[in-house]
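What follows is a set of notes on a single structure, which appears directly below.
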Amino acid sequence: MSGVVLCIGGLDSSGGAGVLRDSATVHALNGTARVAVTAVTAQSDRAVTAVHAVPPKVVTDQIAIAGPVSAVKIGMLGRAGIVEAVAAAVPRAPCVLDPVLMSSSGHMLLDDLGVTALLDRLLPKVDLLTPNVPELAALARRLGVPEGDHSACVERLLQRGCGAVLVKGGHAEGPVSVDHLYRLGVPCVAFTAPRIDATLRGTGCRLASAIAVHLAQGASLVDAVTAAKHHVHDALLVAQEALDLGEKLTVRP
Ligand code: PLP
C-alpha cells in the first residue's frame, strides 16, 4: 500500500542526511514523498561549510502546494522563524519530528530561539518525537530538568502535548542498542537490536522517515517503529559489509 509523506527539512548537499535521505527512504518503502526544504546546506561527511535558511514564507508555500498527505516527517528546521512557519502550516496527519540540533560533524543545525519555538509551538502538533540521548539531554537543559533524568524530561515533553517520545539508544554503549517508546498512561515499550559496528550518516533521518511512511500506510505506532528499526538495521548491515570489504581491499605498505 502506498502512502504520501511530506518531508520537511534541510537539504544536505552530500545526500547523506536531510530531505534527500528522507525521500529515498520513503520511496524505498513504497511510499511517495513530497518535500519542503527549510535550509540549503553545503556539507560532506566531515564538515558543514554553509547553511542558507529558506525564507519562512517559501517553506509555507512548499507545504501548502504539497496537497493531501498521509503522514509528515520533520527534520532540520534551522531557526525560530521556520519552526513557527512549520507549526502554523503543518497538515493534519500523523507527524514524526526528529529534533535535529547538530550534525555529527558538530555544526549547530537549530539555533537557541529555534529550540524554544520547537518546544512551545511545534511539539503540541507532533505525534512522535525521536530524540537520541544527546538531543534529549539538550532538551532537558532547556526545560530545566536535572541532567540525566530521562524519564522526567520525557514526561515534560509529553505534558507539552506531543503524543509519544521514542528515545533512541544508538549513542549508548553495549552489545545491543535499545530504543524506548513512551506514551502517557501506557507502559513503555522497548525495541532491542544488536549493535552494529558501522557509522552511517543520516540514520536518524532514515528511522523517522521510515516510521512516517509506515504510519502513512496505516500501521500502528508500535508496528511502524518495529518495521522502521528493521529498515535501519538492514542499512547498517550493508554499511558494515562495505566497511569490511574496504578493509580487505586496503593495500597496506
Ligand atoms: N544535515 C541535515 C540537512 C540534516 O537534516 C541532518 C540530520 O537530520 C544532518 C545534517 C545531520 O546528519 P548526521 O547526524 O548524519 O550528520
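Going residue by residue through the stretch 42-49, is there one that turns out to be β-branched (Val, Ile, Thr), surrounded by fewer than 23 Cβ atoms within 10 Å (Cβ to Cβ) and more than 12 Å from Leu77 (Cα to Cα)?
Yes, that holds for at least one residue.
Report those strands (runs of 3 or more DSSP E) wholly inside the stretch 129-207 carrying at least 3 residues which are open to solvent by 20 Å² or more (accessible area, probe 1.4 Å). Quick ask: steps written out before the conclusion?
Numbers: elements: 164-167, 176-183, 186-194.
Qualifying strands (runs of 3 or more DSSP E): 176-183, 186-194.
Please state which one of Val165, Val154, Val189 is more than 18 Å from the chain's Cα centre (by Cα) and at pLDDT 95 or above.
None of the other options fit; the residue is Val189.
Which residues, taken from the stretch 173-192, are in contact with a Lys or Arg (Cβ under 9 Å, 6 or more places away or on another chain) and of a type in the set (Gly, Ala, Ser)?
Listed by number, the residues that qualify are Gly174, Ser177.
Restricting the search to the stretch 23-54, which residues are near the ligand (Cβ under 8 Å from one of its atoms) and either free of Cβ contacts under 8 Å to residues at least 12 places away in the same chain or among the charged types (D, E, K, R) (or both)?
Asp45
The values are calculated or read from the model by the stated rules, or taken from the named source; none is laboratory data. Quick caveat, the model's predicted, so the values are computed rather than measured. Reconstructed Cβ throughout: ideal geometry from the backbone, glycine too, with neighbour counts over all protein chains shown. The accessibility values were calculated without ligands, DNA or RNA, using every heavy atom of the protein model including side chains. Shrake-Rupley method; radii C 1.70, N 1.55, O 1.52, S 1.80 Å.
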